[in-house]
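A.B. asks: Got a structure here, written out as structure tokens. Questions coming.
The values are calculated or read from the model by the stated rules, or taken from the named source; none is laboratory data. It should be emphasised that the depicted structure is a prediction, and the values quoted were computed from it without experimental measurement. Here Cβ is always computed from backbone atoms with ideal geometry, including for glycine, and neighbour counts include all displayed protein chains. Each accessible area value is taken on the protein alone, full model and side chains, heavy atoms only, with ligands, DNA and RNA left out. Shrake-Rupley method; radii C 1.70, N 1.55, O 1.52, S 1.80 Å.
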Amino acid sequence: MKYLLSRGIITAFAVAAALSAPVQAAEPLKSVTLKFSGEKKWAATCSLAKSNGKVKAFKKRGRGHRSNQVIASRQIAGGECAITVPEGTTLVVSFNSRPPGSCPFGEGVKTCAKRFSAGEQSFRFGA
């Protein structure tokens with residue numbers, strides 16, 4: 001009984017120590033590339049948080065048939081994009097990072113891309 005009690009106290013201290021340890025921040029992505037491909041007048045607004053704490057804002061717009069725009073940046077901790085897709089069309093967003101990180105559009109996809117339908121939507125990546 002004494003053994004179980006002392007083991008329970010040691011386990012409680014180990015759990016408390018683990019919970020109070022500082023959380024390590026995720027390693028920044030060396031590079032991030034977002035490619036937007038669509039038709040008509042789509043819009044994308046992205047904010048990328050750099051590893052030094054600065055935030056870079058990007059606005060990209062599509063005009064007409066097969067409109068492509070790219071956002072590329074280095075040393076990114078995370079980011080968020082809001083997109084607007086007009087009725088009657090779609091917008092394909094491709095995401096690439098180095099080193100390869102998790103895809104913001106779901107796990108298990110062969111290439112990290114998503115086709116967005118009409119409306120206002122957003123997605124996040126990184127920290």
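A.B. asks: So in region 105-127, with the set limited to residues that are closer than 17 Å to K60 by Cβ and small (G, A, S), which one is most open to solvent (accessible area, probe 1.4 Å)?
C.D. replies: S122
A.B. asks: Is there a residue being modelled with pLDDT of 85 or more and in a loop (DSSP other than H, G, I, E, B) anywhere in region 18-25?
C.D. replies: no
A.B. asks: I'd like the full set of residues that are open to solvent by 40 Å² or more (accessible area, probe 1.4 Å) and either closer than 18 Å to L91 by Cβ or assigned to a loop (DSSP other than H, G, I, E, B) (or both), limited to region 29-46.
C.D. replies: Across region 29-46, the qualifying residues are T33, K35, E39, K40, K41, T45.
A.B. asks: Could you pull out every one of the strands (runs of 3 or more DSSP E) wholly within region 47-104 that has 1 or more residues that are open to solvent by 40 Å² or more (accessible area, probe 1.4 Å) and closer than 13 Å to F125 by Cβ?
C.D. replies: 67-85, 91-98
A.B. asks: Also, quick follow-up: Looking at E87, E80, which is the one that is acidic (D, E) and within 16 Å of the chain's Cα centre (by Cα)?
C.D. replies: Result of the check over E87, E80: E80.
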